[in-house]
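Peer 1: Starting off with a structure, shown below.
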Amino acid sequence: MRQMEAWCVEVAVRPGLVDAAAAELSQQLASGSVTSIRGFLLPATLTREEVERAASELLADPITDRYVIATPGATCDDLWPDIGATTRVVARRRPGVMDPVARSVQTALADLGIEVEAAGTYRSFLLDRNTSRADLEYAGRLIANDVIEECLIDTLPPGLPLPGGICCETRVEVPLAGLDEDALNEISRNGVLSLNAAEMRCIQEHFASLGRTPTLTELETLAQTWSEHCNHKTLTGRVVYEDGDAEPRIYENLLKETIFTTTQRIDHWMCVSVFVDNAGIVDFDGKDCLAIKVETHNHPSAIEPFGGAGTGIGGVIRDILGTGLGAKPLCNLDVFCVAAPDTPEAEVPAGCLHPARVLDGVVRGVRDYGNPMGIPTVTGAVHFDQDFLGNPLVYAGTVGILPKTHVRKAALPGDRIVVTGGRTGRDGIHGATFSSVQLDEASETVSSGAVQIGDPITEKKVTDALIEARDEGLYHAVTDCGAGGLSSAVGEMGEKIGARVELERVLLKYDGLTPTEIWISEAQERMVFAVPPQHLERFHEICARFEVESSEIGDFTDTKHLELSYAGESIADLEMEFMHNGLPRPTRHARWSPPQLSDPELPWPEDLNKNLLEVLADPCVCSKEWIVRQFDHEVQGQSAAKPLTGSTRRAPGDAAVVAPKPDSPLGFAVATGLNPRYSRIDPASMAEAALDEAIRNVVARGGDPTRCVILDNYCWGNTDDPEQLGALVRATEAVCEAAFYYRTPFVSGKDSLHNEYHTGDKTIAIPGCLLVTALAIVPDVREIPDSAFTAPDRNVYLVGRTHKELGGSVYWKLAGKLGASAPRLGDPAPAIAKLRFLHETIGNGWVAAAHDLSEGGLAVAAAEMAFGGGVGLFLDVANVDYDDDIERDDEVLFSESLGRLLVEPHPEHEDDFVNFLTRLNVPIRQVGRTVTEPVLVADGITGDRVLEITNADLERAWSTPLARGPLAFGTGAST
Amino acid sequence: MSNLATALVIKAPGTNCDVENSDALRRAGASVEVATTGELLASPEMILRKRILCLPGGFAHGDDVASARILANQCRLRLGDTLQRFVDQEGGFVLGICNGFQALVKTGLLPRTAGGLRQECSVVHNDSGHYECRWVRLRIESSACAWLPQGDVWEMPVGHGEGKFVPGPNFDAEASNLVAFRYVDADDSPTTDYPANPNGSLAAIAGLTSPDGRVIGLMPHPDRSYLPYHHPDWGRRELEGDEMAGAKLFRALVAAASG
């Protein structure tokens, strides 16, 4: 590695002020004396006066900080004499890993009149001199992630590392002729191409027919284009599905014949552009459209949670920017699936990060990307399950707005190919193909190139420039550089016409990249435009206004070929037809065999109060306020319903509502549904529950179920296993049938397969997860019901019928049982009618509060509405509309039957509310009444008192478990 | 109305509240223009043609090194003369919100007890160690800023990771009449308790004014509290007809700067 001698400037907060970073580490180390240092590296060529000036005017705050300067080559001894004899751990980013602060320091020094070629940063912690080597190494693991940072002990960084080098290879040929399957597989595996034998064989034959040898660049291009991540070859492939003794069903294209067909059959007027662009586009108000997309970023988040989640949210934002001619992002959502934060260290498999660190990292990742972008993160969820130990899931979604006139795009021959935003580096190589590799203990090392750190400010600048250029009509098409980098972006835009790229024209972060690396790098924050020549000048001018770099790298052509050159030498010439349609389509087998399960016979509970408090404290149920408050959910000033609500501002809101036009009360509600636990019993239940919960959530917040669209996001284990693929097919059939009855079309979707972790001879597969996201129009944001009770002395109604469905429930999970009776939708016709009629009562202004029943059932929903609203509730269990086979209070209180909401109508409209719904045969029952005294009281089926808990106790149980974040459990140093 | 104020909204790389501030200023009657810092650095005199300079929230230059540090250096080193002329000679008004407030403090435009441009106080990481998005209550203090409705208590959200106000050695945080806003609890008393004081600000200080009352800045966001449905109790209380806190602030500013 090349290195430059450097000054170290070390900055610490002055004594007496809070040193939050040190406090966090000292809590984890149980050590009192920790001081955190922000370190900066400046070239040794500067004079001491210049370094002094940089430190006093830029790097250290004159009021709250102090600093010391170490001359180049100095040791760290006595650098901080007044702190006393100390030792230190240092974390610094590996060469080439994105460091926006270092770049900013470089530009900010120019404001002081100091020009430097490079700058660097590091973090350091001063610890007591007596700290053992083992403790220092432990501290190092806590502060640094080996994938992106190196940890130094008791020394200063030796200098300013300079990434890059000299590129010596350009055109590299990879002979395939005559190779057997083993040899082909080896080429694929060694190159992280993730191409299977049939695909390698197909490429071999293609080039044999052309009579030439493929280049490495061509192989890589095909690997990117044909990757699961870009192509979804499993779900769009041929599948033979067996369910019991029935005749096997053959799908020629699984997604097309299920999800797409359902959308076509529904033929919803809101759908403007679905399943063709980077995101689904739906009509908002006739003039503008909403674009919505949800993505996953699981594999990178498993290895480097902060960078993985940050670049995940950054990627889905770029999807929205690259939808149509570009949509302006309005809000983000995120859903995390992790193992319990208090998992004992010993249970964490080798090579995995502890789930507490994963959760802490992904929260920081989303926060430090979404907040600076100025996009509110308005809703989300966290699910905990031990089978996410090896493969945590990170879903990130974005909704944007664009004029209806800007929905269509097409690059034309003669358009220049312009890349804007971040520069291209060696980061993120093989992200697209890596995402299909099953993780194992070695993944951390082989995949480090696929893990990146985001740079939100660059993406923010790109956003501002894009919207301005869009409104001036300066380009014909745009797309994001995501998985596969330029190869995917240019390949997609030129699919129907052709493209020619001169790779030496791509702006690089540093020298030394091979042309293939330039072509497939997944460096973040880049967008690709098709700009007609007459608009180039203005286009570059707008980019310059927002301090965005832009470069022309080639042309769209009419050759129907992708032609790449580097410094005049041809390095790839592929037919677009072969790239996009040459992929062989094997047949996969799928089989659904129901697991042998039965419902447990649990003893009658002695004290239901205790059970309810335990359910409220379960991590899946408990408050996520620690996370929610770290995400800016107010920026842009369009938030009409907050994630935490009620008079106490602590009740969980069912959905977020955004009113994107300040002069109009028209808004939209967005919410998610997911329950992985039901998947272990029946993926069909899991799928129906996800859809029903997402839609009930938006309806509870005023969303119109007849103006509602949904998204499907699968995260699954190994779908080469017929049983796992069978479970996926079963879930898909169930969600499609439900969606059809609900008349909620799918408008976008994505899948992440192969979520399995191998350690020793053990495989941990995630439970099948289908996340459903619902977006519904809210006709008037002034009629949004609260999610908590609003006043005492109000009658409370339960809408929907309660069945004996405790299979997969939180209540049984806490008893160590799974059961068999997972909730099902049953007859969908009344289910959707119920939601439509309920929505009418909300639209009429009759409803003060509504909250869906999900995990934890009636008891949890009632508790949340009571303590969130600061009023008590008397609940009469005998009045609940439940099935005859229910005999016990706990079954009524904790069943997780679908289709149910608790509703508090406005007293002056209560008769209207009841009469209207009763006349339309919607099952509603008055099950309780709010009271002034803040206590939840319930009488059971036989009239005995079964619950009596104060709001304070309920809220304490609910809000305590994650109140201080996942690291408060004192775990998290496993690597 | 005549002579309505003209406002310039500054957009640095990473500023992300320029749209809502422009909207709120327009609703208050101002005519609004947005300039990037690049444009402003190229022709600083554009400030002098306006009556109000607005520095909105966001993460200018990523808040790299420290919040608003790089923007503040640009203001101090490259726009300092023009900014001082704007407030001292032209009678211009400056509003800084959140990141804009951090920039004004670090430029030395607030509290500016001694004239010139020298940083006297600072705004640093929240005591909680992380970003906080929540609604807070603010009391408008008896201060040198006469155009604010002193004594009123306003509700608006904060959204920041670095909002803890730390006074410098020469600033009397308890007694200064340059403290324009304090965080208050449910009883309207200034508080240093979390979460009513969301960041640990000393002396509960949420915002400042300059001695002439023409430069003000605060951490909470009036630009997220100017439409009725912004309020979390929308629907719970009858809020229609009540003017929102943010709308009051922008209206008072535009009124003071007009004429």
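The numbers here are math on the coordinates, done by the rules we state, and not lab data. Quick caveat: nothing in here was measured; it's all calculated off a predicted structure. Cβ atoms come from the backbone with ideal geometry, glycine included; neighbour counts cover every protein chain shown.
Peer 1: Restricting to bridges with both residues inside the protein assembly as shown, how much of the DSSP beta-bridge set is antiparallel, in percent to the nearest 5?
Peer 2: Values: 157 of 207 bridges.
Percentage antiparallel, nearest 5: 75.
Peer 1: For chain B, modelled as a Gaussian network with Cα springs under 10 Å, which listed residue fluctuates most, B:F181, B:F93, B:F171?
Peer 2: B:F171
Peer 1: Could you please report the charge total around A:T557, scoring K, R as +1 and D, E as -1 over all other residues with beta-carbon less than 10 angstrom from its beta-carbon?
Peer 2: Numbers: positive: A:R500, A:K560; negative: A:D415, A:D555, A:D558, A:E563.
My count for the surroundings of A:T557 gives -2.
Peer 1: Using Cα pairs under 8 angstrom and six or more residues apart, how large is the relative contact order of segment A:181-233, in percent? Walk me through the numbers before you get to the answer.
Peer 2: On the way: 28 pairs, mean separation 16.0, N = 53.
Reported as a whole number, the value is 30 percent.
Peer 1: Mind checking the angle between helix A:216-225 and chain A's longest principal axis? C-alpha axes, 0 to 90 degrees, to the nearest 10.
Peer 2: Its long axis makes an angle of about 10 degrees.
Peer 1: Can you compute the charge dipole magnitude of segment A:547-680 about its Cα centre, using +1 on each Lys and Arg Cβ and -1 on each Asp and Glu Cβ, nothing else charged? Give it in debye, rounded to the nearest 20.
Peer 2: Details: 13 positive and 21 negative charges, 195 e Å.
I would put it at about 940 debye.
Peer 1: May I pose another question? Return the FRET efficiency for the residue pair A:A410, A:E575: r is the Cβ-Cβ distance, R0 is 25 Å, and the value is rounded to the nearest 0.05.
Peer 2: Values: r = 20 Å, r/R0 = 0.79.
Efficiency, rounded to the nearest 0.05: 0.80.
Peer 1: Separation between the A:D82 and A:W604 pseudo-spin-labels, each 7 Å from Cα along Cα→Cβ, expressed in nm?
Peer 2: About 7.1 nm, to one decimal.
Peer 1: Ranking A:L46, A:L195 by Cβ neighbours within 10 Å, fewest first, what do you get? Mind showing how you got there, number by number?
Peer 2: On the way: A:L46 19, A:L195 24.
Result, fewest neighbours first: A:L46, A:L195.
Peer 1: Hey, which of these cross-link pairs are over 31 Å Cα-Cα: A:K233/A:K661; B:K106/B:K248; A:K461/B:K164; A:K233/A:K834; A:K461/B:K50?
Peer 2: Values: A:K233/A:K661 40 Å; B:K106/B:K248 27 Å; A:K461/B:K164 28 Å; A:K233/A:K834 38 Å; A:K461/B:K50 26 Å.
Pairs exceeding the cut-off: A:K233/A:K661; A:K233/A:K834.
Peer 1: Hey, in the GNM for chain B with a 10 angstrom Cα cutoff, which one of B:V179, B:V105, B:V153 fluctuates hardest?
Peer 2: Most flexible of the set in this elastic network: B:V153.
Peer 1: Would you mind giving the mean number of other chain beta-carbons within 10 Å of the Cβ of each residue in B:6-15, as a whole number?
Peer 2: Mean inter-chain Cβ contacts per residue within 10 Å come to 3.
Peer 1: Continuing with this model, one more query. Below 9 angstrom from the Cβ of A:I37, what's the summed charge of the other residues (Lys, Arg +1; Asp, Glu -1)? Walk me through the numbers before you get to the answer.
Peer 2: Working: positive: A:R38, A:R88, A:R123; negative: A:E10.
That sum, taken over residues with Cβ under 9 Å, equals +2.
Peer 1: Give the shape of segment A:42-175 as rounded, prolate or oblate, defined through the alpha-carbon gyration tensor: a ≥ b ≥ c are the square roots of its eigenvalues, a/c under 1.5 means rounded, and otherwise the shape is prolate if a/b is larger than b/c and oblate if not. Before the final figure, lay out each step's value.
Peer 2: Working: a/c = 2.34, a/b = 1.20, b/c = 1.95.
Oblate, because a/c is 1.5 or more while a/b does not exceed b/c.
Peer 1: A follow-up question, please. List every residue whose amide H lies under 5 Å from the amide H of A:D288, counting only residues 5 or more places away in sequence or on a different chain, with H placed 1.01 Å from N in the peptide plane.
Peer 2: Sorted by chain and number, the residues that satisfy this are A:K404.
Peer 1: Helix A:536-545 versus the longest principal axis of chain A: what angle, 0 to 90°, nearest 10, using Cα atoms?
Peer 2: For A:536-545 against chain A, the angle is about 70 degrees.
Peer 1: In whole Hz and in residue order, list the ³J(HN,Hα) couplings for segment A:323-339 that follow from phi through the Karplus curve 6.51 cos²θ - 1.76 cosθ + 1.60, θ = phi - 60°; x for Gly and Pro.
Peer 2: Couplings: 9, x, 8, x, 10, 8, x, 10, 7, 10, 9, 8, 10, 10, 10, 9, 7 Hz.
Peer 1: Within the set of other residues whose C-beta is less than 14 Å from the C-beta of B:R139, count the net charge using Lys and Arg as +1 and Asp and Glu as -1.
Peer 2: Working: positive: B:R137, B:R182, B:K248; negative: B:E141, B:D152, B:E155, B:D185, B:D187, B:D188.
Net charge in that neighbourhood comes out at -3.
Peer 1: Efficiency by 1/(1 + (r/R0)^6): what FRET value for A:D761 and A:R14, r their Cβ-Cβ distance, R0 = 56 Å, to the nearest 0.05? Walk me through the intermediate numbers first.
Peer 2: Numbers: r = 55 Å, r/R0 = 0.98.
The formula returns an efficiency of 0.55 here.
Peer 1: Report, by chain and number, residues whose modeled amide H sits under 5 Å from the one on A:T215, excluding near sequence neighbours (fewer than 5 apart, same chain).
Peer 2: Here the answer is A:V174, since their amide H atoms fall under 5 Å of that of A:T215.
Peer 1: I've got another one for you. Would segment B:6-257 count as rounded, prolate or oblate if I go by the C-alpha gyration tensor, calling it rounded below 1.5 in a/c and otherwise prolate when a/b exceeds b/c, oblate otherwise? Walk me through the numbers before you get to the answer.
Peer 2: Values: a/c = 1.44, a/b = 1.21, b/c = 1.20.
Cα axes put segment B:6-257 in the rounded bin.
Peer 1: With charges set only on the Cβ (+1 for Lys and Arg, -1 for Asp and Glu), what does the dipole of segment A:2-162 come to about its Cα centre, in debye to the nearest 20?
Peer 2: Details: 15 positive and 24 negative charges, 66 e Å.
Value, rounded to 20: 320 debye.
Peer 1: Pairs of alpha-carbon atoms within less than 8 angstrom and 6+ residues apart define the contacts here; what relative contact order does segment A:2-162 have, in percent?
Peer 2: Numbers: 286 pairs, mean separation 56.2, N = 161.
That works out to 35 percent.
Peer 1: Taking the Cα centre of chain B as origin and charging only Cβ (+1 Lys, Arg; -1 Asp, Glu), how large is the dipole, in debye to the nearest 20?
Peer 2: On the way: 24 positive and 31 negative charges, 136 e Å.
Computed about the Cα centre, the dipole is about 660 debye.
Peer 1: Taking H placed 1.01 Å from N in the peptide plane, check which residues at least 5 places from A:S748 or on another chain put their amide H under 5 Å from its amide H.
Peer 2: Result for A:S748 returns A:D712.
Peer 1: Round to the nearest 10 and give me the degree value, 0 to 90, for the angle of helix A:828-843's Cα axis relative to the longest principal axis of chain A.
Peer 2: It is inclined by approximately 90 degrees.
Peer 1: Also, quick follow-up: Just want the ordering: A:H589, A:H540, B:H221, from fewest to most Cβ atoms lying within 10 Å of their own Cβ.
Peer 2: Working: A:H589 15, A:H540 20, B:H221 30.
The most exposed by this proxy come first: A:H589, A:H540, B:H221.
Peer 1: Now for a different question. Select from B:V166, B:V158, B:V65 the residue whose mean-square fluctuation is largest in a Gaussian network model of chain B (Cα-Cα springs shorter than 10 Å).
Peer 2: B:V65
Peer 1: Answer rounded, prolate or oblate for the protein assembly as shown, using the Cα gyration tensor with square roots of eigenvalues a ≥ b ≥ c: rounded when a/c is under 1.5, else prolate when a/b is larger than b/c, else oblate. Intermediate values should be presented prior to the final figure.
Peer 2: Working: a/c = 1.44, a/b = 1.06, b/c = 1.36.
Here the protein assembly as shown falls in the rounded category.
Peer 1: Oh, and also: Give the Rg (one decimal place) followed by the Dmax (whole number) of segment A:764-920, computed from C-alpha coordinates and expressed in Å.
Peer 2: Looking at segment A:764-920, its Cα Rg and Dmax stand at 16.4, 55 Å.
Peer 1: Which values of log₁₀ I(q)/I(0), to two decimal places, follow from the Debye formula for segment A:220-280 at q = 0.12, 0.13, 0.25 Å⁻¹ with a uniform point scatterer at every Cα?
Peer 2: The Cα Debye sum returns log10 ratios of -0.44, -0.50, -1.06.
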